1. Of the DSSP beta bridges with both residues in the chain, give the percent that are antiparallel, rounding to the nearest 5.
2. With a 10 Å radius around each residue's Cβ, average the other Cβ atoms per peptide and rank 211-217, 320-326, 150-156, highest first.
3. May I ask you to give the percent of accessible area on the chain that is carbon plus sulfur, with a probe radius of 1.4 Å?
4. Measure nothing fancy, just the Cα-based angle from helix 430-447's long axis to the longest principal axis of the chain, in degrees from 0 to 90, nearest 10.
5. Is any residue of the stretch 125-163 close enough, with backbone N under 20 Å, to a label point placed 7 angstrom from the Cα of M47 along the Cα-Cβ axis, and if so, which?
6. Roll a 1.4 Å probe over the protein chains and send me the accessible area per residue for the stretch 75-172 in Å².
7. Report the GluC sites (Glu not before Pro) located in the stretch 268-348 that are in a DSSP loop and have at most 13 other Cβ atoms inside 10 Å of their Cβ, or state none.
8. Helix 118-132 versus the longest principal axis of the chain: what angle, 0 to 90°, nearest 10, using Cα atoms?
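The values are calculated or read from the model by the stated rules, or taken from the named source; none is laboratory data. If you're wondering where the values come from, they're calculated on a predicted model, not measured in any experiment. Heads up, the Cβs are rebuilt from the backbone with ideal geometry, glycines too, and the neighbour counts pull from every protein chain shown. Keep in mind that these areas ignore ligands, DNA and RNA; they rest on the heavy atoms of the full protein, side chains included. Shrake-Rupley method; radii C 1.70, N 1.55, O 1.52, S 1.80 Å.
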Amino acid sequence: MVICQTPTGPPPWLGSIDMSHDLSPHSTPAPDDTPSRAASRRQLLTMAAVGGAGLFAAAPAASASALGHDSGHGPDHGPGKTFRLTVLGTTDLHGNVYNWDYFKNAEYDDAKHNDIGVAKAATLIKAVREERGAQTCVTLDAGDTIQGTPLAYYYAKIDPITGGPRHPMAVAMNAIGYDAAALGNHEFNYGMDILRAFQRQLHHPLLGANAVDWTTGRPVFPPYVLKTVKVRGEKPVTVGIVGLVTPGVAIWDKANVEGKVKFAGIVEQAKVMVPRLKAAGADVVVVACHSGANTSSSYGDALPYPENASTLLAQQVPGIDAILVGHAHLEVPQLVVTNEKTGRPVLLSEPYYWGMRVTVMDLNLTQVRGRWQVTSSAATLLNANTVPEDPHIAALVRSAHNKTLAYVNGVVGSCTEAMSAATSRYEDTAAMDFINLVQAGEVKSALAGTAYEGTPVLSIAAPFNKAAAIPAGDVTVRDVAGLYIYDNTLLGIAFTGAQVQAYLEKSAEYFQRVSSPSQPSPDAVTNAVTPSAPTGTPDYNYDIMGGLDAPLTYDIDISQPVGSRIKNLAYAGVPVAASDPFVVAINNYRQSGGGGFPGVTTAPVAYNRQTEIRQLLIDWVTAHQVVDPPTFASVDWRLVVGSAPVTFATP
């Protein structure tokens, strides 16, 4: 069951948890727990737990200054002075405060009924603080905060925070009371001025140990911070927090960082910073790392450092106790990695994305020769769809939310004639041509000054949404966004003519084989059943390819067997030769292997700024004001049987 936004108050099982005051751990403490209040809160946390260790399933937790049991991995160090430090974490919030889909103008929902937004995460954070003791908790974020929703876009482009407004994510995070956050790669999407303004608005440090000055090599953001956690009647615990970001920023946001900021390797920079933290007195070292837990790189060997390096970080850098992982948008409740040099376990956890989950890492400390050491640890995730949003956070950002709603539902341009995607799966349409126009134009402009400048640019688009339409007359942001319902980003890959042919042959598997050009309906020829699609090939796995500066034309002969259907392939009226060079604008889902299209995963990447395609379409309409289909739309491909065009009795 999804607990959605609840303006009338929390559900009954939430009990007597006080949600009326500031969430910051530095604010006035809430009243002492009653047994019923504590039991209700523990029930909430137990119901919210996803995987990992059952940190909240037990009876009342031991007090922070008296914890003596081993709740996770690690040896039994026997009796001694003990303390439990709780690290709370979010990541990849991407501008989500509310459980709201701005493009649908409705509450967010997905196939798994996840809920999103930092306002819901705030409820979970507050509940854990009340359960554990706020002064024993450290709250972190692992980056990608200021990009990803119209709310974030509005305060970067429409009413930019450089002009004075407070960023809604800064407002929310300040009220929650984060202790530190790492930079994410998307923090650089809007340029350094917006990023610096956001940094100034935060009450917590924005960490980036491997974001270094282009000339001096010194960090241009704070590399780490030391936080003192008081222990009743004992020596305080000093927590060192390091922030690291994937080096891929150097490629994806080259235009914004070149000549200003370089990005050192995550492992390499951590080997410098962790010893400094230890020398400064850190008892515990926690890393907020905007880099996935595997060792893959979407950019191949274009950089000497891997994109996703959190596991390598745990394995190769001594002295780290826990890593809050981000960037990969994966749900990792608990991963334990053994450090190769010390043999000690390192705890990793990644709380999915958009505020869907909150990480809870319990680090159990024992005093050894007068110094606190982590002797065991465990982690779990809490699911945001089990709680209502925190009303305090929601209220703080409501004005910004309402301004964004007005923007999204506002007119950004006009269209000279209606464009519908309803027939795009079986005939060339202006709607798909528009997507390809914008994608190819973005890639072409980025190729200037590179080795690929002057190479013909093609683009692919899929008919995601049959209901999508751009009306004649006024066009809103939501109208444009309906053409592209997924959060894909844009890449450009180098292809040969032979690879273009092979790609189109794969796409043509979408069609059923028929012998007559006269068909009763499009359903009679589309959504073919194949070994990889036993229930029928989905529309999103049919790609339409078009040219930018000249048309790419071809016929799809659906009377022929799979692999032999693309006929008369030509660019600018000239047959495409096997060796002809092209750059193809393609989405990240397809380029990473989604749909199993040939050649894409190993093709050289000519462009990758991780820019959302949906936002590119909105930006294009906003900039050009008028969408005029006759200036870019043409019939460049068609379905045929032999040489006869396929026709339908009923469209």
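1. Antiparallel bridges make up about 70 percent of those DSSP assigns within the chain.
2. Result, highest mean first: 320-326, 150-156, 211-217.
3. After summing per-atom areas, the C and S share lands at 53 percent.
4. It is inclined by approximately 70 degrees.
5. Inside the label zone: 125-132.
6. 28
7. Taking the stretch 268-348 and a limit of 13 other Cβ atoms within 10 Å, the loop GluC sites (Glu not before Pro) found are E340.
8. 20
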